Amino acid sequence: MTRIGILLAIAAAGLATPAFTASALAAPDTTTVTGPGGVTLRSVTVDLPQSDREFPGADAAAVNNNCLTCHSAGMVLRQPPFRREKWAEIVNKMIQTYKAPIDAGDIPAIIDYLAQR
Amino acid sequence: MDQGHRVPMIGRRGFIAGAAALGALQHPTGALGALVRNVDEAVFTTAFPQKGRMILQRTRPPLLETPFEVFDQGVFTPNDRFFVRWHWAGIPEQVDVATFTLKVHGHVDRPLTLGLGELLAMPRLEYAAVNQCSGNSRGLFSPRVAGAQWRHGAMGNARWVGVPLKAVLDRAGVKAGAVAIRARGLDEPVVPDAPAFGKSLAIDHARDGEVMIAFQMNGEQLPLLNGFPLRLVVPGWYSTYWVKMLSDIEVLAAADDQYWTKTAYRIPDTPHASVTPGETGYAQVPINRMVPRSFITNLADGARVAAGKPLALRGLAFGGDQGVARVEVSADGGTTWGRAQLERDEGRYSFRQWRFTAPGPAAGSVRLMARCTNTAGEVQPLVANWNPNGFMRNVVETTTLTAA
């Protein structure tokens, strides 16, 4: 319910009976919390965009199958060129530190793809 | 795919917006499928909730950069243009203010579960402070390094209102022997056993009376992507400590041994956190206080100006964990410097606007520089630092123009 909605509800209740008004005012407000000085916090619901972008190229199956679980492709595609060893280090960090569920058999193909872009 | 939460398939919206922006920049429209390796090739998006036009570094989890022209529009960065950086994609898309709680537990006498109403009723604190990513400007490192390829837009300045962390800790009663607090938010990893994001601060720092649990940013509640409903504000320190959607504070009786403090976000323990590429064996410490920076905001690289005509410059500076003592400007590549006029002081931790009129440049290439000295006497270096994580850039930046 919006704040206007609540005000309307209270106004409507006020037109009904005083007892009903009191009850409406005492009902927990699930939408806003107000503190001293008129500070009001309002519940928020958003839709965060999801990416459907895939890694391009005929050799992209391994990265597309493994890497998009945790993050979209954009940041990876914005990386500067690195040597194969650096990409191996990054992929290893994703697996060891961030627990990326990567199929062990796909690791060389992932590193190859990243090193060759 | 395990997303950990609701996943609406509306990603195309972002790319349609990005493609439109690219078209406006005369960029090949096929570029979305190709690599973007030049940090100046910005892809813009308007697809994110409560956000205006931003530079898209990554959709999920979001990395959104503030377009640089925003910094020329005022000393405070509007909430809808403030940069966004999340580590894990498990970000709640809904926060109910009536049921949200902040837990305080661990090495305390009285564990607390505070509702937002209780927090709003506590004594308040208000100040302006710069929030800057540890890796702001990483895209300018040379040799280049891995990580989000930010230009200068992973920073912003806001007026924050909240409750001193000290007041909340005092209410819980910190026990003797406490050494640190660890802050956690509502965000979660999307794979099992991965390290949930959390950062710790030394107990004395946490109780300095300035570190804040903020519920307002520039006079409004925080955008969800900037940490609604509560965010830790650690003025003068890098953004990694400013935990978003703050929901859990644990008082620790021993040093934090979890990944995000013990291993991640560490810098070389050297002047300017700088090492030589390939160097090994140096000591490292957790990243901590910020260092001075300054930017010319009204002219961009490649601008054309009239030769012989005085050049009106304006910009922003901040002192890191100190105020701005002075800003000097050079219009000849650093040979001579003049002192800029500082605008209104919004407080020690805030951006400070400045202006300067440079003598009319001779025809040809013009190299403009701005250099901030903070109130502790620390001055921006003329040589860029380098470290493998791309942290703490604060070299004097150069803007190159053509006078004709």
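Above 26 Å, the calculated P(r) of the range B:293-403 contains 18 percent of its Cα-Cα pairs. Express in whole angstrom the spacing between the alpha-carbon centres of the range B:71-127 and the range B:257-282. What the calculation gives is 29 Å, centre to centre.
Compute the signed sum of charges (Lys and Arg +1, Asp and Glu -1) over the other residues within less than 9 Å, Cβ to Cβ, of residue B:390.
Details: positive: B:138, B:144, B:393; negative: none.
In short, +3.
How would the range B:85-178 be classified by its alpha-carbon gyration tensor: rounded, prolate or oblate, with rounded meaning a/c under 1.5 and the a/b versus b/c comparison settling the rest?
Values: a/c = 2.09, a/b = 1.99, b/c = 1.05.
Prolate shape, in that a/c is at least 1.5 and a/b is the bigger ratio.
Report Rg(Cα)/(2.2 N^0.38 Å) for the protein assembly as shown, keeping two decimals. Display every interim value, and only then the final one.
Working: Rg = 24.3 Å, N = 521, 2.2 N^0.38 = 23.7 Å.
Rg over 2.2 N^0.38 Å, computed on Cα atoms: 1.02.
Two-decimal Rg/Rh of the range B:44-264 from alpha-carbon positions, Kirkwood Rh? Don't skip to the answer; put the middle values down first.
Details: Rg = 17.1 Å, Rh = 17.8 Å.
That ratio is 0.96, to two decimals.
Please pull out the direction-averaged projected area of the range A:60-115, using the convex hull of its alpha-carbon atoms, in nm² to one decimal place. Provide the component values of the computation, followed by the final result.
Numbers: hull surface 13.7 nm².
Answer in nm², one decimal: 3.4.
For the protein assembly as shown, give the percent of accessible area contributed by carbon and sulfur heavy atoms, probe 1.4 Å, rounded to a whole number. Don't skip to the answer; put the middle values down first.
Numbers: 11510 of 21490 Å².
On the protein assembly as shown, the fraction of accessible area on carbon and sulfur atoms equals 54 percent.
At 222 nm, what helix-only mean residue ellipticity would the protein assembly as shown give, in deg cm²/dmol to the nearest 500, using -39500 (n - 2.57) for each DSSP H run of four or more? List each step's numbers first, then the result.
On the way: 11 runs with 91 residues, N = 521.
Helix-only estimate at 222 nm: -5000 deg cm²/dmol.
Past the 25 Å Cα-Cα mark, which pairs from B:51/B:244; A:99/B:166; A:86/B:262; B:103/B:175; B:103/B:244?
Numbers: B:51/B:244 16 Å; A:99/B:166 35 Å; A:86/B:262 22 Å; B:103/B:175 16 Å; B:103/B:244 14 Å.
Over 25 Å apart, Cα to Cα: A:99/B:166.
With a 1.4 angstrom probe, the accessible area lost at the B-A interface totals about 4900 Å².
Would you mind checking the tilt of helix B:11-24 against the longest principal axis of the Cα atoms of chain B, expressed as 0 to 90 degrees and rounded to 10? Rounded to the nearest ten degrees, it is 10.
Taking a ≥ b ≥ c as the square roots of the eigenvalues of the Cα gyration tensor, chain B is classed as prolate, since a/c reaches at least 1.5 and a/b is larger than b/c.
Looking at the range B:300-403, which trypsin sites (Lys or Arg not before Pro) are DSSP coil and have at most 13 other C-beta atoms within 10 Å of their C-beta?
Working: sites: B:304, B:314, B:326, B:339, B:344, B:348, B:352, B:355, B:367, B:371, B:393; in loops: B:344, B:348, B:393.
For trypsin sites (Lys or Arg not before Pro) across the range B:300-403 that sit outside H, G, I, E and B with at most 13 neighbouring Cβ atoms in 10 Å, the list reads B:344.
When A:83, B:289 are compared by accessible surface with a 1.4 Å probe, the order from highest to lowest is A:83, B:289.
Estimated at the nearest 10 Å², the accessible area of residue B:378 is 50 Å² with a 1.4 Å probe.
The values are calculated or read from the model by the stated rules, or taken from the named source; none is laboratory data. Bear in mind the structure is a predicted one, so any value in this text is a computation, not a measurement. Here the Cβ is made from the backbone with ideal geometry for all residues, glycine too, and neighbour counts use every protein chain on show. Accessible surface is based on the protein model in full, side chains and every heavy atom, while ligands, DNA and RNA are left aside. Shrake-Rupley method; radii C 1.70, N 1.55, O 1.52, S 1.80 Å.
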